[in-house]
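What follows is a single structure, written as structure tokens, with notes after it.
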Amino acid sequence: MPKSRVLLIFLLLFAACNSNLVFSEYQANSGGIWSKEDVKEFIFTEEDTISRFNLFINIRNDNQYPFSNLFLITDLNFPDGTVVRDTLEYEMALPDGKWLGKGYGSLKENKLWYKENIVFPLRGVYTLKVAHAMRQNGTVEGVTELEGITDVGFQIETID
């Protein structure tokens, strides 16, 4: 293998590493459809009660996604049983229909801010539950089968 290829591979691997990454997990949606009953659950253990962290929800969507935004409901369960619930809205496309996020072709990945500059107050096991809360305009019932969301992820990074 030529030295230039070895160097290129090394540089790509080095650039892909995130030294601040503490936790990262993705869960795929079968057929790119996120069922309303399919609550994604991410379990992680945190022992550091001093450092500050940024938390992200990562969404991969394709061209089948029919909306320009995304509503999520999250429950962050603490080791002592405390639950913090949030209703979140994220913009997924520009007004002209161009997808936000990174990626080539029809698949885009969005790294969405969940919580910024937080300190975990307790050592132990935490659980983040993520569900979508999408509805068609003018309807009360939620969308039961949300097309176009291929993967849902959760990521924790330390702050320098």
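Listed here are the residues, each with its yes/no results for (1) closer than 18 Å to residue 134 by Cβ; (2) at pLDDT 95 or above; (3) touching a strand residue (DSSP E or B) at 6+ places or on another chain (Cβ under 9 Å).
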| residue | (1), (2), (3) |
| --- | --- |
| 43 | no, yes, yes |
| 51 | no, yes, yes |
| 55 | no, yes, yes |
| 63 | yes, no, yes |
| 81 | no, yes, no |
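Among all residues of segment 90-98, there is at least one that is more than 28 Å from residue 53 (Cβ to Cβ) and either touching a strand residue (DSSP E or B) at 6+ places or on another chain (Cβ under 7 Å) or among the aromatic types (Phe, Trp, Tyr) (or both). Summed over segment 128-160, the residues that are on the phi > 0 side of the Ramachandran plot and in contact (Cβ under 8 Å) with a residue 24 or more places away in the chain give a count of 1. Annotation: of all residues in segment 135-147 being surrounded by fewer than 18 Cβ atoms within 10 Å (Cβ to Cβ) and part of a loop (DSSP other than H, G, I, E, B), the one that is nearest to the chain's Cα centre (by Cα) is 144.
The values are calculated or read from the model by the stated rules, or taken from the named source; none is laboratory data. All values derive from a computational prediction rather than experimental measurement. Methodologically, a virtual Cβ is constructed for each residue, glycine included, from the backbone with ideal geometry; neighbour enumeration extends over all protein chains shown.
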